[in-house]
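The values are calculated or read from the model by the stated rules, or taken from the named source; none is laboratory data. Predicted model only: the values in this text are computed from it and were never measured. Every residue, glycine as well, gets a Cβ built from its backbone with ideal geometry; the counts of neighbours run over all protein chains shown. What goes into the accessible areas is simple: the full protein's heavy atoms, side chains included, and nothing from ligands, DNA or RNA. Shrake-Rupley method; radii C 1.70, N 1.55, O 1.52, S 1.80 Å.
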Amino acid sequence: MKHSHSPHSKFKVGAALEGKSGAIYPGTNIEFDAYTLTVCAERSALFNAVSNGEKGFKTLAIATNSDGFIYPCGLCRQALIEFNPKLKIILITKDGKAKNIILKDILPKYFKL
């Protein structure tokens with residue numbers, strides 16, 4: 001979260017994606033004046049991992065500066081599910097509270113070729 005570039009929303013998000021190799025790939029949200037260019041922390045971590053040759057994933061941790069649990073957006077859900085529908089996701093609040101979920105449970109009937 002500390003590397004978040006969120007000048008508009010001030011909503012800081014950090015993600016860490018664990019590959020099947022055991023490597024951890026960090027990501028953060030990056031906002032732009034043209035909002036459509038904004039990248040979520042989850043996809044930032046995914047892009048980092050794939051760019052480094054990792055394509056199998058076990059766990060994704062998502063930390064925010066929010067009091068409540070923040071779930072991945074629809075774009076992130078779809079991007080992640082193509083790699084592992086059974087991906088374990090850990091949602092973490094600003095106070096360190098955690099909640100575990102499984103990706104396919106929050107994106108039923110997802111698009112798959």
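Taken over the range 86-113, the residue count meeting the criterion of being within 16 Å of GLU18 (Cα to Cα) and in contact with a Leu (Cβ under 6 Å, 6 or more places away or on another chain) is 3. Number of residues in the range 26-59 that are of a type in the set (D, E, K, R), in contact with a helix residue (DSSP H, G or I) (Cβ under 6 Å, 6 or more places away or on another chain) and part of a loop (DSSP other than H, G, I, E, B): the value is 0.
Among the residues examined, LEU60 qualifies as in contact with a strand residue (DSSP E or B) (Cβ under 7 Å, 6 or more places away or on another chain) and either surrounded by 15 or more Cβ atoms within 10 Å (Cβ to Cβ) or among the β-branched types (Val, Ile, Thr) (or both). A single entry from ILE70, ILE62 fulfils the requirement of being aliphatic (A, V, I, L, M) and part of a loop (DSSP other than H, G, I, E, B): ILE70. Selection within the range 2-56: residues that are more than 20 Å from PHE83 (Cα to Cα) and among the basic types (Lys, Arg). The member of this set that is surrounded by the fewest Cβ atoms within 10 Å (Cβ to Cβ) is LYS2. Close Cβ contacts (under 8 Å, 6 or more residues apart or on different chains) running from residues in the range 84-113 that are open to solvent by less than 60 Å² (accessible area, probe 1.4 Å) to residues that are of a type in the set (Lys, Arg) and part of a loop (DSSP other than H, G, I, E, B) comprise ILE102/LYS86; LEU103/LYS86.
Looking across the range 42-81, the residues that are of a type in the set (A, V, I, L, M) and in contact (Cβ under 8 Å) with a residue 40 or more places away in the chain come down to LEU60, ALA61, ILE62, ALA63, ILE70.
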